[in-house]
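Below: one structure, written as structure tokens.
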Amino acid sequence: MKKILMFTKYSRMGASSRLRSYQYIPFLESNEYQVTVSSLFDDKYLSSYYSKNNKSVLKIAYCYLKRLITLFSVRKYHLIYIEKELFPYLPSLFERAMSILNINYIVDYDDAIFHNYDSSNNKIVKLCLSKKIDKVMKYAKVVIVGNHYIYQHAKLAGAKNIELIPTVVDISRYPRLHKKLPRGQVTIGWIGSPYTQKYILQIKSNIIDLLKNKKFKMVMIGANKDIVNHFPDCNIEVLPWSEDSEVSYIQKFDLGIMPIPDENFEKGKCGYKLIQYMACGIPVVASSVGINENIINHLGCGFLINEKNSWSDTINRIVDSDFIYEDFSRKAILSVEDKYSLQIQQDILLKIISKVA
């Protein structure tokens, strides 16, 4: 039985780690791989960060020390699987050392984290680390990316082998039922975290205009409860996120939205919100940025927002037509089953790992 050591950034509470690493483990183990996970940050750290936006220097130092100790055991494994980087905001010395020692590692990206460095406002960070992720990619046996934007960056960085695996859902957890346009109040939905709720606030005036019409209400999953203070006299419900409840909560939506700004970091996002909505048969509306364009334009399951149209007009266009609404719902489910499901992508990941390990 071959052994894999996964260096994830977070525990299962962190969406990127849960989706890009943890959800593949049962399949890998059923195919005779023994997987050990070493997360950098735990649930306690994430809870503190989400609730208080608090990053304890002592806690981070402890997490880094624990990871450093774990690195001394890498020779026991046939493959090292790294989510993004080993030590955020430190040079790529350890990834380089593994390359020199011929220790095989795969690195995975679902965000354009290279822009944390090359676009940093901190001059020292920008000077010392702007090429860090390029080096991590170049040293890796395989670079796995979640979209074409990150793929192109890896190519320019000199990565030897690049594979594209989108962020996906386990369709066994989703109902995949075609939805009908509701005859009563329409629920606009959003799922995210206290960190990403800033994207909702960037379209605050659009949301308020929509919710003035009593035909609409809004449900937000994972935001801080005090976000409602930004939307006076609006019908908004905020629900707590948990892995067990997220699907049943998303099913309450009639329409799913994903607003993001047209900026470099956001171009590297993998559209997971859209895929979750689609897996529930929910039509989507999203900013015309990055992978959102690929998902919506190619699959025909919703509309894109750009400078030529508004959130209000676009959402009304969907909910004013039974045909458009139900066509989007049907195409959304088919698209997830064909491409954005764990059941499709896990075989691809297994082939990649088998070649390297």
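For this structure, a couple of remarks:
- Cα-Cα P(r), region 114-210, percent of pairs per 10 Å interval: 12, 23, 29, 22, 12, 2
- Working from the Cα coordinates of region 1-71, the gyration tensor eigenvalues give, after taking √(5λ), semi-axes of 26, 15, 6 Å in decreasing order.
- √(5λ) per eigenvalue of the Cα gyration tensor, region 159-248, largest first, Å: 28, 19, 14
- Carbon plus sulfur fraction of accessible area for region 105-157, probe 1.4 Å, in percent: 53
- In order through region 320-332: 3J(HN,Hα) via Karplus (6.51 cos²θ - 1.76 cosθ + 1.60), integer Hz, x for Gly, Pro: 8, 9, 4, 5, 4, 4, 6, 5, 4, 4, 5, 5, 4
- Counting only protein heavy atoms and a 1.4 Å probe, the chain has 46 square angstrom of accessible area per residue.
- When each of LYS123/LYS225; LYS135/LYS267; LYS84/LYS308; LYS267/LYS339; LYS59/LYS132 is checked by Cα-Cα distance, pairs over 28 Å: LYS123/LYS225; LYS84/LYS308
- Note on ASP209 and GLU243: the model spin-label points, each 7 Å out from Cα along the C-beta direction, lie 4.0 nm apart.
- Computed from label points 7 Å out along Cα-Cβ, the spacing between LEU164 and ILE344 is 1.3 nm.
- Whole-angstrom gap from region 293-357 to region 74-92, using each part's C-alpha centre: 32
- Long-range Cα-Cα pairs in region 193-242 (distance over 17 Å), rounded percent: 27
- Percentage relative contact order, the chain, counting C-alpha pairs under 8 Å, at least six apart: 15
- Area of TRP241 that stays accessible when all protein chains are in place (1.4 Å probe, Å², to 10): 80
- Principal-axis tilt of helix 57-71 within the chain, Cα atoms, nearest 10 degrees: 50
- For region 257-357, alpha-carbon Rg relative to the globular expectation (2.2 N^0.38 Å, N residues): 1.20
- Among [x] 79, 52, 36; [y] 59, 44, 37; [z] 63, 42, 35, the entry derived from the coordinates for Cα extents along the principal axes in Å: [z]
- Here LYS179 is the anchor, and the lysines within straight C-alpha reach of less than 17 Å, apart from those fewer than 8 places off in the same chain, are LYS252, LYS331.
- Directionally averaged projected area (region 137-191, Cα convex hull): 6.3 nm².
The values are calculated or read from the model by the stated rules, or taken from the named source; none is laboratory data. Please read all numbers here as calculations on a predicted model, not as lab measurements. In this analysis, Cβ positions are derived from the backbone assuming ideal geometry, glycine residues included, and neighbour counts consider all displayed protein chains. Only protein heavy atoms, including side chains, enter the accessible area calculation; ligands, DNA and RNA are left aside. Shrake-Rupley method; radii C 1.70, N 1.55, O 1.52, S 1.80 Å.
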